[in-house]
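Working notes, beginning with the structure itself.
The values are calculated or read from the model by the stated rules, or taken from the named source; none is laboratory data. Small disclaimer: the values here were computed from a predicted structure and weren't measured. Here Cβ is always computed from backbone atoms with ideal geometry, including for glycine, and neighbour counts include all displayed protein chains. Quick note on the areas: whole protein, heavy atoms, side chains included, nothing else; ligands and nucleic acids left out. Shrake-Rupley method; radii C 1.70, N 1.55, O 1.52, S 1.80 Å.
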Amino acid sequence: DAMVIQNPRYQVTQFGKPVTLSCSQTLNHNVMYWYQQKSSQAPKLLFHYYDKDFNNEADTPDNFQSRRPNTSFCFLDIRSPGLGDAAMYLCATRETGPGYTFGSGTRLTVV
Amino acid sequence: TQLLEQSPQFLSIQEGENLTVYCNSSSVFSSLQWYRQEPGEGPVLLVTVVTGGEVKKLKRLTFQFGDARKDSSLHITAAQPGDTGLYLCAAPGGTSYGKLTFGQGTILTVHP
């Protein structure tokens, strides 16, 4: 059973049109992460939540925002997607151990 | 910033061959992880190594953590087409929230 669920799996959005990606978890983990991964590259951390505490990476563009209304859900909002934002977006969770549990990702295409 | 250098970046081999992927750093890590990612999917944790010199086996995969906890290797014996994917090493980035730093990844293709 999927423990970190990302919806949708594939998202096509228009240049400049706001888009929201969602992530839910059944693990009750207190830390949730959003990563951006471009083709065949390593994932790049955008931000993470420790419970409700939001932590933004210094080089994450202002165009990217996140919300975590409760333990189970976390959203990634891209306010004005550009062509360079096309990527796989990965959600991950962690509790006390070092390993992450990743979702299957959302492949974002910007047209 | 703690950097992880993976090599090789690309590996294309025939079914049945053996291979080794390396992950090196100048930093000492408390632990190191290996993930495998198939196209269109998220990374899946294969193993976590925590003790210097530790060797862990997962079927045909052997993971080793260097004595000084600065490097690691992944060895696959008798590779199969199902082993094809992106292999990523990752280590804690030093924050208490468990930020992971990833290596650049190794794209492995195993041809039948």
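Just to be sure I understand: of the beta bridges DSSP finds with both ends in chain B, what percent are antiparallel, rounded to 5?
Numbers: 34 of 39 bridges.
Just about 85 percent of them are antiparallel.
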(request) Specify the residue with the greatest mean-square fluctuation among B:Leu88, B:Leu32, B:Leu61, computed from a Gaussian network of chain B linking alpha-carbon atoms under 10 Å apart. (result) B:Leu61
(message) Which residues belonging to the range B:38-54 lose at least 40 Å² of 1.4 Å-probe accessible area when the assembly is complete, relative to their chain isolated?
(response) B:Gly40, B:Glu41, B:Pro43
(request) Between the alpha-carbon centers of the range B:64-112 and the range A:39-111, tell me the distance in whole angstrom. (result) 21 Å
(message) Over the Cα atoms of chain A, each weighted equally, I'd like the Debye log10 I(q)/I(0) at q = 0.15, 0.20, 0.21 Å⁻¹, rounded to two decimals.
(response) -0.58, -1.04, -1.15
(message) Of A:Thr20, B:Leu11, B:Tyr35, which is farthest towards the positive pole of the protein assembly as shown's charge dipole, taken about the Cα centre with +1 and -1 on the beta-carbons of Lys, Arg and Asp, Glu respectively?
(response) A:Thr20
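Given the convex hull over the Cα atoms of chain B, what projected area results after averaging over all orientations, in nm²? Intermediate values should be presented prior to the final figure.
Working: hull surface 26.6 nm².
Over all viewing directions, chain B projects a mean Cα-hull area of 6.7 nm².
How large is the accessible surface per residue of the range A:7-111, computed with a 1.4 Å probe and reported in Å² as a whole number?
46 Å²
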(request) Heavy atoms only, probe 1.4 Å: what % of the accessible area of the protein assembly as shown goes to carbon and sulfur, would you let me know? (result) 50 percent
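What dipole magnitude, in Debye to the nearest 20, does the range B:5-111 give about its Cα centre under +1 on Lys/Arg Cβ and -1 on Asp/Glu Cβ? Could the numbers behind the result be given before it?
Working: 8 positive and 9 negative charges, 61 e Å.
My answer is approximately 300 debye.
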(message) Longer than 25 Å from Cα to Cα, which of A:Lys52/B:Lys56; A:Lys44/B:Lys56; B:Lys70/B:Lys99; A:Lys17/A:Lys44; A:Lys52/B:Lys99 are they? Say none if no pair is.
(response) A:Lys52/B:Lys56; A:Lys44/B:Lys56
(message) Rounded to whole Å, give me the distance from the Cα center of the range A:1-26 to that of the range B:30-44.
(response) 20 Å
(request) Rank B:Leu19, B:Leu45, B:Leu58 by mean-square fluctuation in a GNM of chain B with C-alpha springs under 10 angstrom and give only the top-ranked residue. (result) B:Leu58
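What is the Å³ per residue value for the convex hull set by the Cα atoms of the protein assembly as shown?
So the per-residue hull volume is 121 Å³.
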(message) Interface size between chain A and chain B, please: total buried accessible area, 1.4 Å probe, rounded to the nearest 100 Å².
(response) 1700 Å²
(request) Would you mind telling me which residue in A:Asp62, A:Asp85, A:Asp77 has the biggest mean-square fluctuation in a Gaussian network model of chain A, where springs connect alpha carbons within a distance under 10 angstrom? (result) A:Asp62
